[in-house]
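Working notes, beginning with the structure itself.
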Amino acid sequence: MHRLAPVLLLAPALLVTLPVTAVHAAPAVPAPIAAAVKAPTRSAANTARDRYRHPGATLAFFGVRPTDTVVEVWPGSGWYSEILAPLTAARGRYYAAGPWERGLNGVRGLQAKDAATYGKITLAALPAAAGQPGVPDGSADVVLTFRNVHNWRFGGEDQARQMFAAMFRMLKPGGTLGVVEHRLPEARDAAAEEKSGYMKTSTVVGYATAAGFRLAARSEVNANPKDTADWPNGVWTLPPSYALKDVDRARYAAIGESDRMTLKFVKPR
């Protein structure tokens, strides 16, 4: 599913399993998002990956606004936190939601380093046990998760379903769920989802629709036609992980980061 002409080539493979939705071109990036992407507080290592992750166009596609209450689910090292925190600092709210407490250590590190920029981030547990702070039900305008669905799938089908159900509860009616995930071609054996780090678009859509979401739109802004999704160490063969170290490193560097689906879901009103 690595498409140079996404509208023509994506659709035939997905007609059987996916609702018909438009494949959107990269949108114009609003000034507030562009300013947050260019924030001088971002690390050089993170900005170097913008050419693979297209944060401005991705957030614009999801319709993120500086006045929104935004939840980022499992933010990892805080790559998107460096953008979402300044974007929402003045008029919105940004939750970083992940496993309590170690799953939020990346964001805590940002807060310790630069409280002025990241001190307003609200940390939340997901999943939340008794006594842990969570994201209130029905409070979010936008929920975002980047390259995490495969992690939930590694925990089993039930965990993946539970995470989508939790994201559904967080959102206001009419709110948006934005998902970016490493993409496995639809024709491949679904067993590859259990170990490769790649997921089928139909599988992700299935989890979301089972939770109550409606697929609103798809974008190819994070597509990479060079990624064939069949590497010896799964997605981690490619940069930035380079699981094979120096073996064929130049080849994998030339391919770049993974081919990714970019899906926009809506919680019905």
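The values are calculated or read from the model by the stated rules, or taken from the named source; none is laboratory data. Because the structure is predicted, anything quoted here is derived from the model rather than measured. Positions of Cβ are backbone-derived with ideal geometry, glycine not excepted, and every protein chain shown enters the neighbour counts. Calculation scope for accessible area: heavy atoms of the full protein, side chains included, ligands and nucleic acids excluded. Shrake-Rupley method; radii C 1.70, N 1.55, O 1.52, S 1.80 Å.
Yes or no, residue by residue, for (1) under 19 Å from the mean Cα position of the chain (by Cα); (2) in contact (Cβ under 8 Å) with a residue 60 or more places away in the chain; (3) surrounded by 15 or more Cβ atoms within 10 Å (Cβ to Cβ); (4) within 19 Å of Val149 (Cα to Cα):
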| residue | (1), (2), (3), (4) |
| --- | --- |
| Ala192 | no, no, yes, yes |
| Ala211 | yes, no, yes, yes |
| Ala217 | yes, yes, yes, yes |
| Lys245 | no, no, no, no |
| Ala254 | no, no, no, no |
| Arg260 | yes, yes, yes, yes |
| Leu263 | yes, yes, yes, yes |
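I want to confirm something. Restricting to the stretch 30-74 and keeping residues that are β-branched (Val, Ile, Thr) and in a helix (DSSP H, G or I), which single residue is most open to solvent (accessible area, probe 1.4 Å)?
Step one: filter the stretch 30-74 for residues β-branched (Val, Ile, Thr), giving 33, 37, 41, 47, 58, 64, 67, 69-71, 73.
In the following step, the residues that additionally are in a helix (DSSP H, G or I) were identified as 33, 37, 47, 58.
On the way: Ile33: 2, Val37: 26, Thr47: 55, Thr58: 0 Å².
Result: Thr47.
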> Among (1) over 22 Å from Thr203 (Cβ atoms); (2) out of contact with any helix residue (DSSP H, G or I) (no Cβ under 6 Å at 6 or more places or on another chain), which single condition is Val135 missing?
Replying inline: (2)
> Any residue in the stretch 10-33 that is closer than 19 Å to Thr145 by Cβ and modelled with pLDDT of 95 or more?
Replying inline: yes
> In this structure, is Gly119 within 20 Å of Thr69 (Cα to Cα) and in contact with a strand residue (DSSP E or B) (Cβ under 7 Å, 6 or more places away or on another chain)?
Replying inline: no
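Output the residue which, of all residues in the stretch 133-157 that are open to solvent by 60 Å² or more (accessible area, probe 1.4 Å) and at pLDDT 95 or above, is nearest to the chain's Cα centre (by Cα).
Filtering the stretch 133-157 for residues open to solvent by 60 Å² or more (accessible area, probe 1.4 Å) gives 136-137, 154, 157.
When the remaining residues are screened for being at pLDDT 95 or above, the result is 136-137, 154.
Working: Pro136: 21, Asp137: 21, Phe154: 17 Å.
If we take residues in the stretch 133-157 being open to solvent by 60 Å² or more (accessible area, probe 1.4 Å) and at pLDDT 95 or above, then Phe154 is nearest to the chain's Cα centre (by Cα).
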> Here are some residues: Trp236, Trp231. Which one is among the aromatic types (Phe, Trp, Tyr) and open to solvent by 40 Å² or more (accessible area, probe 1.4 Å)?
Replying inline: Trp236
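Which residue, of Ala89, Ala125, Ala166, is within 17 Å of the chain's Cα centre (by Cα) and open to solvent by less than 50 Å² (accessible area, probe 1.4 Å)?
Ala166 is the lone residue from the list that is within 17 Å of the chain's Cα centre (by Cα) and open to solvent by less than 50 Å² (accessible area, probe 1.4 Å).
The rows are residues; the columns are (1) in a helix (DSSP H, G or I); (2) out of contact with any strand residue (DSSP E or B) (no Cβ under 7 Å at 6 or more places or on another chain); (3) modelled with pLDDT of 95 or more.
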position	(1), (2), (3)
Asn222	no, no, yes
Lys226	no, yes, yes
Trp236	yes, yes, yes
Lys245	no, yes, yes
Ala250	yes, yes, yes
Ala253	yes, yes, yes
> What about Ala187, is it under 20 Å from Arg153 (Cα atoms) and open to solvent by 40 Å² or more (accessible area, probe 1.4 Å)?
Replying inline: yes
> So which residues in the stretch 30-72 are β-branched (Val, Ile, Thr) and under 18 Å from the mean Cα position of the chain (by Cα)?
Replying inline: Ile33, Val37, Thr47, Thr58, Val64, Thr69, Val70, Val71
